[in-house]
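Heads up: the structure comes next, in structure tokens.
Bear in mind that the values in this text are calculations on the coordinates, not laboratory data. Since this is a predicted model, take the numbers as computed values, not measurements.
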Amino acid sequence: MSSTPTCREPSRSTRCCARQPSRRGAGFPLSSPPTPTSRRSSPAVRQSGSPAVRQAAMTPRCSSPTTGGHPDMHGYGSTTAVLDRDEVAAILADGLERVPLEGKKVLVLLPDSTRHAPIPLMFELLCEHLRGRVADLGYLVALGTHPAMDEGAIAALVGLTAEQRARLHPGVRIENHAWDDPGALAPLGTIPAADVADVTEGWLTTDVGVALNRRILDADHIVICGPVFPHEVAGFSGGAKYLFPGIAGPEIIDATHWLGALVTS
């Protein structure tokens, strides 16, 4: 999967979260000043959900086929060229054929319309390569706390009219993530306060509950389909950000947005 070199991340005002808390109103105790601590590679999480929720996200990435790169990377590398449809289709087919998806339930995470990516092309190709191969194919728009998209907007996101979507893809579900609907979320566990303080270098010092959209409970495999851009807090967008905050619950969303606001202020 690839985006063209001319794509840019939307402005900060466009990306603003609808429920960004006031600096001291979200219930996250702050150390002042923070005291840096030794960073562990990953915090402990007290698991409380099904093991099925611990899915590995598969994100095909681009590399030059002549470099003998990582076996999980598929594509062609260039700083100037733009991939045509056939090249994109070949890269996608190569990546998907290496994953045992026969008879599986596959959930694809998509960005909303505030992100720039060739989503209509990717939707078309994913449906073409996966329908008939997998037992179930569904899509979830990783909204974070962005406003929900109506049926017309969802159809436009994948390059179709509502009528075309119903006619061409009658069995393919495309749904919005609902961060504020407890019934749509699956609790996974809690990051203890000590680990939160460790990984945030003392900025946040409270337990953080972790929940994701419960549609992942029904999925055997998750595909993240979206662009990757430099990101002022996370380093790069895409990847894990489609899980947190993309399809996450309010506690972990608030914690990550709080941290982002603090380290960039």
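Quick one: work out the % antiparallel among DSSP beta bridges in the stretch 114-257, nearest 5. Roughly 65 percent of the DSSP beta bridges within the stretch 114-257 come out antiparallel. Normalised by the number of residues in the stretch 111-194, the mean separation of alpha-carbon contacts (under 8 Å, six or more apart) gives a relative contact order of 35 percent. For the stretch 122-265, relative contact order (Cα pairs under 8 Å, six or more residues apart, normalised by length) works out to 23 percent. A full extension of the chain between Ala93 and Asp218 corresponds to an added length of 42.6 nm, given 0.36 nm per residue minus the alpha carbon distance.
Pull out a ≥ b ≥ c, the square roots of the eigenvalues of the alpha-carbon gyration tensor of the stretch 197-265, then state rounded if a/c is under 1.5, prolate if not and a/b is larger than b/c, and oblate in the remaining case. Because a/c hits 1.5 or more and a/b fails to exceed b/c, the stretch 197-265 counts as oblate.
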